[in-house]
Amino acid sequence: MNVATVFFYLFSAIMIASAFMVIAARNPVHSVLFLILAFVNASGLFLLMGAEFLAMILVVVYVGAVAVLFLFVVMMLDVDFAELKQGFLQYLPIGSVIGIVVAIELLLVMLGFTQSDAAIGAGAAPIQANMSNTEALGLVLYTKYVYLFQASGLVLLTAMIGAIVLTLRHKPDVKRQVIAEQNARTRAGAIEIKKAPSRAGV
């Protein structure tokens, strides 16, 4: 057994155990932490397969953004999860039926899956021996699919601007900082000097 096989079994075992703890942990903060651990071990498996770009994206996007965002949201909202779990038994029958149906569908897909010999390697682009996976992917994205890549970036930019516009609310009674007015203030307009008589107080 070589080193790569040992690391494969190590990453796989930790990822499966952490994925189970995501749904088994009672504390939601612990669930998010186990989710981060599962993502990190999945990126290790991608590194063993030679897909370092997918491993980097998994760590940067999912661990660095999505999972940390979930963690902060769970910690800041302070949701009463005991109250949410009170109706668990009420929805257990319909949830069990849906789960069984989904499991049967997945089993039918797995058993009925066939792969054509002509389709193997038909859509694969040849990669030069001295070129890494990330470099080859960037070369394809910025040459052959550059317009589609830029269009997807514009779609994401539009979605981000739309989300900001829809969620931005200006309340009338909230004091907001106006930097231009602060920079334009002078000494005469900022302070007022008054002479109070002795022992009279202010």
What distance in nm separates the simple spin-label points at Asn27 and Val165, each placed 7 Å from Cα in the Cβ direction? 4.3 nm
Could you run the Karplus curve 6.51 cos²θ - 1.76 cosθ + 1.60 with θ = phi - 60° over segment 180-190 and give me ³J(HN,Hα) per residue in whole Hz, x for Gly and Pro? 5, 5, 5, 6, 8, 6, 10, 5, 5, x, 8
Go through 186-199, 46-59 and give me the packing order, highest mean Cβ count within 10 Å leading. 46-59, 186-199
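How much area per residue is accessible in segment 137-182 when the probe is 1.4 Å and only protein heavy atoms are counted (Å²)? If you can, show how the numbers build up before the last one.
Working: 4450 Å² over 46 residues.
Per-residue value: 97 Å².
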Could you pull out which residues in segment 9-28 have an amide N less than 12 Å from a spot 7 Å beyond the Cα of Phe72, following the Cα-Cβ vector? none
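The values are calculated or read from the model by the stated rules, or taken from the named source; none is laboratory data. Worth saying up front: this structure is predicted, and the values here are computed from it rather than measured. Every residue, glycine as well, gets a Cβ built from its backbone with ideal geometry; the counts of neighbours run over all protein chains shown. Accessible surface areas use protein heavy atoms only, side chains included; no ligands, DNA or RNA. Shrake-Rupley method; radii C 1.70, N 1.55, O 1.52, S 1.80 Å.
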